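Structure first, then comments.
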Amino acid sequence: MTEFILPAVLVLGIIGAIFGILLYFIAQKFKVVEDPKIDEIADVLPGANCGGCGKAGCRALAEAFAKQGNMEGLRCPAGGDEVAAKVAAILGIEASTAEPQVAVIRCSIGCTASEPKSKYQGMQSCAFANSLYVGESGCAYGCLGLGDCYKACQFDAIKLDPETGFPIVDDDKCVGCGACAQACPRHVIELRNKGPKKRRVYVSCVNKEKGAMARKTCANACIGCGKCAKICPFGAITVENNLAYIDYTKCKLCRKCESECPTGAIKAVNFPPKRESQTSVVEQPTTVNNENKEN
Amino acid sequence: MGGVHPEENKLSTQASIEVFPLPKQVTVFLNQHLGAPATPIVEKGMAVKTGQLIAKAEAFVCANIHSPVSGVVNKIDIVKDIFGYAKPAIIIDVEGDEWVDTVDLTPTIKSEITLSKTEIVDKLKEMGIVGLGGATFPTHIKYMIPEGKKAEYLIINAVECEPYLTSDHRVMLEHAEEIMIGVSILRKALGVEKAYIGIENNKPEPIAKMREMAEKFEGIIVEPLKVKYPQGAEKQLIKAITGRSVPSGKLPIDVGCVVNNVGTAFAVYEAVQKNKPLVENIMTVTGKSLAQQHNYQVRIGISYADIVNHIGGLPDDTAKLISGGPMMGKAIVNLEAPTTKGASSLLVITDKEAERAEELDCIRCGKCMEACPMGLEPYLFSALINNDKVQEAVDNHLMDCIECGCCIFTCPANKPLLDEIRFAKGKFRQMQQKK
């Protein structure tokens, strides 16, 4: 028996040893020198690969950090300042800070108040429904409510309203990575600064149709009347293509525009309730606001 | 290969073509066809006559648009189409019905073809003729044969394999001679001797009528075909008549074929012999719940709401309105939208017919593969697409899908296979544009 086993073990053992030695020298020769910082940085990044930084994933961002040596133009929106500080420590520089952002759904979904204008039975995807037609609401610009943003969110920050199927963003969980904004075929979702005490004022509509047409589609549509732009003391509001836009870097949260808006398209969220005398001009808050306040 | 047998439901075969009354206003989209929109050459307040050129084709794949009515241009504005999306259109207030004087409106049949080969192609371009089989591809482009390619067969598609639709059926019965002259014009334009007219065996009347008429026209052969959906799809029709297969990613001309719809042949006759631009088409207005079935000759730009009002409103159990056939047609969500050159029907679907059954899991039974006339694997596409592997689906010939709907029709698990495929095709086109 041994006369068979011994030569086999010996031959294989010698071949193995030769290749092992060969591989050692080859590995030495063709060694890829990788910055040890890449691994360190990759460890502190969240690892969700959400793509919010604009890179292919967390590893790619770590490589970019290590290569650049500073944090200019690079930021992990999911990790925020906390991760930025850790990365800065690894790189041995001072951390840059940025205003935290949050996803804002710019559609007041006023159309749900009326009957859906059609019934959709196709594939449950906003992108697909968008390629077919305007959607159940009849609005060619607004939310389709089939949950592409919900599917895109890696942080469990978007919930779908069980009744209407429309998305609700959880301010605390949202890291502002922008994956939902990318997934939305109608570009309804925008990343805006979270604002002090999470207070924000924004135009909750993306309808670019002319006033009468927009109003016909949705009770809460922006009709581009420009009243808000006129009253804004800070010049933060611009009206383009029949649609108002509030620049969050200029807005001082005075809420004058909110009470001026004739359709209730401007939303102010997370403010304490207004006094009685003023509430008469403000439209009923929508489900989105209610949810936000609860959170 | 493949194919399914949906219920035929050809309810309106006995309804003769009626002329649809003119409404007060028409809306003419600048994009009535496949390709770039035409450029308007009229202004607000201008008086136009029926058949007058109102929008000119400037891009290569584009078609001229003529006024379907006489009257005054109300405005050029954006109007919502049947899907609810806004598109530029010319809105004309109707006053009387005065045609431009170049059009020959007499009923006499003119059989002598005086124009030369190139003159015919120019005429088709001038008259804004587009394919009336559904795709609305500008017809004249098909007759500008690229260098190095040669047309051997002219095939006329009179299959009408979609359930419910009967417009081709009626046109063949009522305008057989004009169609034959139209086919002869197309033969001349193409420089071929023979033309084949493919008709499904379920239309004995049109087959008999066309055969009788074909005896007077040498070289036109009426070819009865097996009843099977989608027999009228371009590639399937070529295979059935010539035995040739159009390779993946190629056009019919690559195997020496040019295919046109029978309705287009009629429009060609009118354009070339009568100088009449494409301003009207034949529409089937049908549905199980309708008391009366109709085939109308409709001017383009009449709104679907006008048609619904004319037939006396919709039955209560109406769930869906479809433009086109039930297999490939598009659901109409905006009734105010106008009809276009390619509108072949208004189909009324009841609640019972419209409901999609509950979606179950795929058990890989392979029925979709059996049904696919292109020999594709829809279940595989579905799995790949749901896992975001569009490129891999494309590698498996996703783009060869002709969107006939056989897979979704046959699937016992009621999976939205065609939806997924269309979605992925759109996504792939976007990916290519980005490159």
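None of the figures in this text is laboratory data; all of them are computed from the coordinates on show. What you see is a predicted model; the values in this text were computed from it and never measured. Virtual Cβ from ideal backbone geometry, glycine too; neighbours counted across all protein chains shown.
Tell me which residues, restricted to region A:192-216, are part of a strand (DSSP E or B) and not charged (D, E, K, R). Reasoning before the result, please.
In the first step, residues of region A:192-216 are kept if they are part of a strand (DSSP E or B); the result is A:192-193, A:200-203.
Scanning region A:192-216 gives A:Asn193, A:Val201, A:Tyr202, A:Val203.
Filtering region B:318-327 down to residues that are more than 13 Å from chain A (Cβ to nearest Cβ) and more than 15 Å from B:Glu355 (Cβ to Cβ), which residue is surrounded by the most Cβ atoms within 10 Å (Cβ to Cβ)?
Restricting attention to region B:318-327, the residues satisfying the condition of being more than 13 Å from chain A (Cβ to nearest Cβ) are B:324-327.
Now drop any that are not more than 15 Å from B:Glu355 (Cβ to Cβ), which leaves B:324-325, B:327.
Values: B:Gly324: 21, B:Gly325: 24, B:Met327: 22.
Among them, the one singled out is B:Gly325.
In region B:88-102, is there at least one residue being surrounded by 14 or more Cβ atoms within 10 Å (Cβ to Cβ), under 19 Å from B:Thr339 (Cβ atoms) and among the aromatic types (Phe, Trp, Tyr)?
no
Could you check region A:124-152 and list, in sequence order, the residues that are hydrophobic (A, V, I, L, M, F, W, C), more than 9 Å from every other protein chain (Cβ to nearest Cβ) and outside any loop (DSSP other than H, G, I, E, B)?
Answer for region A:124-152, where residues must be hydrophobic (A, V, I, L, M, F, W, C), more than 9 Å from every other protein chain (Cβ to nearest Cβ) and outside any loop (DSSP other than H, G, I, E, B): A:Cys126, A:Ala129, A:Cys149, A:Ala152.
From (1) within 14 Å of chain A (Cβ to nearest Cβ); (2) surrounded by fewer than 16 Cβ atoms within 10 Å (Cβ to Cβ); (3) in contact (Cβ under 8 Å) with a residue 12 or more places away in the chain; (4) acidic (Asp, Glu), pick out the condition that doesn't hold for B:Asp361.
The one condition B:Asp361 does not meet is (1).
Being over 30 Å from A:Thr217 (Cα atoms), among the aliphatic types (A, V, I, L, M), part of a loop (DSSP other than H, G, I, E, B) and without any contact (Cβ under 8 Å) to a residue 60 or more places away in the chain: is that true of B:Ala36 here? So that I can check it myself, show each step before the final result.
Working: over 30 Å from A:Thr217 (Cα atoms): no; among the aliphatic types (A, V, I, L, M): yes; part of a loop (DSSP other than H, G, I, E, B): yes; without any contact (Cβ under 8 Å) to a residue 60 or more places away in the chain: yes.
No; evaluated as a whole, the condition is false for this residue.
Mind checking which residues of region B:84-103 are in contact with a strand residue (DSSP E or B) (Cβ under 7 Å, 6 or more places away or on another chain) and farther than 16 Å from B:Arg299 by Cα?
B:Ala86, B:Lys87, B:Pro88 - these are the residues of region B:84-103 that are in contact with a strand residue (DSSP E or B) (Cβ under 7 Å, 6 or more places away or on another chain) and farther than 16 Å from B:Arg299 by Cα.
Given B:Val130, B:Val79, B:Val94, which one is within 14 Å of chain A (Cβ to nearest Cβ) and either touching a Pro at 6+ places or on another chain (Cβ under 8 Å) or at positive phi (or both)? Reasoning before the result, please.
On the way: B:Val130 fails: within 14 Å of chain A (Cβ to nearest Cβ); B:Val94 fails: within 14 Å of chain A (Cβ to nearest Cβ).
After ruling out the rest, the residue left standing is B:Val79.
Restricting to region A:169-191, give me the number of residues that are crowded, with 21+ Cβ neighbours inside 10 Å and either under 8 Å from the mean Cα position of the chain (by Cα) or not in a loop (DSSP other than H, G, I, E, B) (or both).
9
Quick check on my filter: what residues within region B:103-130 are surrounded by 12 or more Cβ atoms within 10 Å (Cβ to Cβ) and part of a loop (DSSP other than H, G, I, E, B)?
B:Val103, B:Asp104, B:Ile109, B:Lys110, B:Ser111, B:Ile113, B:Leu115, B:Met127, B:Gly128, B:Ile129
Given the conditions (1) surrounded by 24 or more Cβ atoms within 10 Å (Cβ to Cβ); (2) in contact with a helix residue (DSSP H, G or I) (Cβ under 9 Å, 6 or more places away or on another chain); (3) of a type outside the set (Asp, Glu); (4) closer than 21 Å to B:Pro206 by Cβ, and given that B:Gln236 satisfies all but one, which numbered condition is not satisfied?
Condition (2) is where B:Gln236 drops out.
Go through region B:270-303 residue by residue and tally those that are closer than 20 Å to B:Ser16 by Cα and not in a loop (DSSP other than H, G, I, E, B).
Count: 15.
For region B:364-398, how many residues are touching a residue at least 24 places away in the same chain (Cβ under 8 Å) and part of a loop (DSSP other than H, G, I, E, B)?
Summing the residues that are touching a residue at least 24 places away in the same chain (Cβ under 8 Å) and part of a loop (DSSP other than H, G, I, E, B) in region B:364-398 gives 7.
Applying the selection to region B:1-18, what residues are β-branched (Val, Ile, Thr) and assigned to a loop (DSSP other than H, G, I, E, B)?
Let us first name the residues in region B:1-18 that are β-branched (Val, Ile, Thr), namely B:4, B:13, B:17.
The one that is β-branched (Val, Ile, Thr) and assigned to a loop (DSSP other than H, G, I, E, B): B:Thr13.
For region B:399-430, give me the residue count where each residue is outside any helix (DSSP H, G or I), within 14 Å of chain A (Cβ to nearest Cβ) and touching a helix residue (DSSP H, G or I) at 6+ places or on another chain (Cβ under 8 Å).
Residues flagged as outside any helix (DSSP H, G or I), within 14 Å of chain A (Cβ to nearest Cβ) and touching a helix residue (DSSP H, G or I) at 6+ places or on another chain (Cβ under 8 Å) within region B:399-430 amount to 5.
Would you be able to say whether some residue in region A:61-70 is more than 19 Å from the chain's Cα centre (by Cα) and part of a loop (DSSP other than H, G, I, E, B)? Spell out the reasoning first.
Looking only at region A:61-70, we keep the residues that are more than 19 Å from the chain's Cα centre (by Cα), and these are A:62-70.
Those left that are additionally part of a loop (DSSP other than H, G, I, E, B): A:69-70.
Yes, that holds for at least one residue.
Looking only at region A:212-266, how many residues end up being among the basic types (Lys, Arg) and in contact with a Ser or Thr (Cβ under 8 Å, 6 or more places away or on another chain)? Write out each step before concluding.
Pass one, region A:212-266, residues among the basic types (Lys, Arg): A:215-216, A:227, A:230, A:250, A:252, A:255-256.
The next check asks that each one be in contact with a Ser or Thr (Cβ under 8 Å, 6 or more places away or on another chain); those that pass are A:215.
Total meeting the criteria: 1.
Being more than 14 Å from chain A (Cβ to nearest Cβ) and crowded, with 23+ Cβ neighbours inside 10 Å narrows it down to one residue among B:Pro37, B:Pro68; which is it? Spell out how you get there, then give the answer.
On the way: B:Pro37 fails: crowded, with 23+ Cβ neighbours inside 10 Å.
Exactly one residue qualifies, and that residue is B:Pro68.
Only one of these is within 29 Å of B:Ala233 (Cβ to Cβ), within 14 Å of chain A (Cβ to nearest Cβ) and buried (at least 16 other Cβ atoms within 10 Å of the Cβ): B:Ile349, B:Ile307. Name it. Full working, then the answer.
Values: B:Ile307 fails: within 14 Å of chain A (Cβ to nearest Cβ).
Unique residue meeting the criteria: B:Ile349.
Report, by residue number, each residue of region B:401-414 that is surrounded by fewer than 22 Cβ atoms within 10 Å (Cβ to Cβ) and either in contact with a strand residue (DSSP E or B) (Cβ under 8 Å, 6 or more places away or on another chain) or under 16 Å from B:Leu384 (Cα atoms) (or both).
B:Cys401, B:Phe409, B:Thr410
How many of the residues in region B:328-340 are within 12 Å of another protein chain (Cβ to nearest Cβ) and assigned to a strand (DSSP E or B)?
Filtering region B:328-340 for residues within 12 Å of another protein chain (Cβ to nearest Cβ) gives B:330-337.
With assigned to a strand (DSSP E or B) added as a condition, the list becomes B:330-331.
Looking only at that region, the number is 2.
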